[in-house]
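Read through the structure below, which is laid out as structure tokens, and then see the notes.
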Amino acid sequence: MRLIDSHCHFDFAAFDKDRASVWRQCREAGVERIIIPGVSPPRWQALLDLVRSEPAWHAALGVHPWWVAESKCGAAQLQRDLAASLEANACVAIGECGLDGAIATPLEKQEEVFRAQLALAESLQLPLIVHARRCHNEMLHLLQAYRPSRGGVIHAFSGSVEIAREYWKLGFSLGAGGTITYDRAAKTRRAFAALPLEAIVLETDAPDMPLQGHQGQRNSPACLPRIARTLAELRGVSVETVADQTRRNTEALFSL
Ligand SMILES: [Zn+2]
């Protein structure tokens with residue numbers, strides 16, 4: 001089995017003590033590449049340095065909605081800084097960026113910063129790694145307005161198959177993560193069973209989003225094969241089929 005983790009925060013301090021041994025476990029489990037999205041400008045340089053140490057790790061740069069409140073400068077300055085960093089470094093996408101309806105930062109403020117990244121995705125012709133939590137209506141409106149031509153991924157998608165199909169029509173893949181391992185996530189499991197396999201990429205979002213049975217523990221990119229197996233069971237196909245197609249989807253999306 002050969003897999004790509006399309007979304008893992010492998011640069012986070014949670015992996016500082018044992019990153020090399022986690023990566024060894026990944027390789028043994030068949031996880032051959034990792035996309036690492038950036039979340040806030042002060043952390044971009046460390047992420048860029050990290051991916052330079054291993055050719056199988058790929059950086060994206062962006063401003064995550066959770067880090068919008070801490071940024072002192074406005075959306076225009078963030079856009080200039082992001083453009084400069086993206087032009088100077090090999091990055092596979094813009095992100096993680098988006099909207100989160102479950103945090104204190106007002107949506108208008110989050111939207112300003114997200115719009116700056118949508119505009120940049122178009123001018124630099126990069127795909128987007130999108131965080132969309134409790135805001136699918138607002139997100140769909142924005143994507144319909146901007147129609148990013150390189151598309152992207154709605155990461156850690158949780159929602160109905162109808163909403164998933166709206167994203168797919170706009171050129172966005174859906175990221176299947178730990179959520180599908182939970183029996184109680186019936187709606188999301190149904191969505192991932194029904195979507196075309198061409199619309200799905202796999203991800204762990206590690207160190208967050210532990211799988212069922214591991215609540216409260218650090219999640220790891222080495223857990224990706226279990227997500228692939230769960231998706232294969234939900235769809236009634238072999239895990240090899242899931243691994244091959246989702247790997248190809250991820251390679252195409254990020255031009256790997
Ligand atoms: Zn993330």
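Read-outs: derived from the displayed coordinates by stated rules, not from any lab. Because the structure is predicted, anything quoted here is derived from the model rather than measured. Heads up, the Cβs are rebuilt from the backbone with ideal geometry, glycines too, and the neighbour counts pull from every protein chain shown.
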Checklist outcome for this item: In nm², the average projected area of the convex hull spanned by the Cα atoms of region 91-162 is 4.8
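Calculate for the chain the 222 nm mean residue ellipticity that helices alone would give, adding -39,500 (n - 2.57) per DSSP H run of length 4 or more and normalising by residue count, nearest 500 deg cm²/dmol. Each step should come with its number before you reach the end.
Details: 9 runs with 112 residues, N = 256.
Per the formula, -13500 deg cm²/dmol.
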Checklist entry - Given the options Gly62, Gly178, Gly74, which has the most mean-square fluctuation in a GNM of the chain, springs set between C-alpha atoms less than 10 angstrom apart? => result Gly74
Checklist entry - Using a simple charge model, +1 on the beta-carbon of Lys and Arg, -1 on the beta-carbon of Asp and Glu, nothing else, what dipole does region 92-161 show about its Cα centre, in debye to the nearest 20? => result 140
Next on the checklist: Relative contact order for the chain: what percent, with Cα pairs under 8 Å and sequence separation of 6 or more?
Outcome noted: 21
Checklist entry - P(r) of the chain in 10 Å steps, Cα pairs, percent per bin? => result 7, 33, 39, 19, 2
Checklist entry - How would you rank Val153, Val92, going from fewest to most other Cβ atoms within 10 Å of each one's own Cβ? => result Val92, Val153
Item to check | Hits among lysines - C-alpha to C-alpha of Lys72 under 21 Å, sequence gap 8 or more where chains match | outcome: Lys109
Item to check | Residue range of the chain that is longest and free of trypsin sites (Lys or Arg not before Pro) which are both DSSP loop and sparsely packed (at most 15 other C-beta within 10 Å) | outcome: 73-133
Checklist outcome for this item: So for R0 = 45 Å, FRET eff. of Ser71-Val237 from the Cβ-Cβ r, to 0.05, ends up at 0.55
Checklist entry - Distance from the Cα centre of region 1-64 to that of region 117-190, in angstrom? => result 21
Item to check | Burial ordering of His141, His7, His131, His58, fewest other beta-carbon atoms within 10 Å first | outcome: His141, His58, His131, His7
Checklist entry - Which of Gly159, Leu256, Ile103 sits closest to the plus end of the dipole of the chain, meaning its Cα is farthest towards the positive end, when Lys and Arg get +1 and Asp and Glu get -1 on the C-beta? => result Gly159
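Can you sort Val63, Val161 from fewest to most other Cβ atoms within 10 Å of each residue's own Cβ?
With the fewest neighbours first, Val63, Val161 line up as Val161, Val63.
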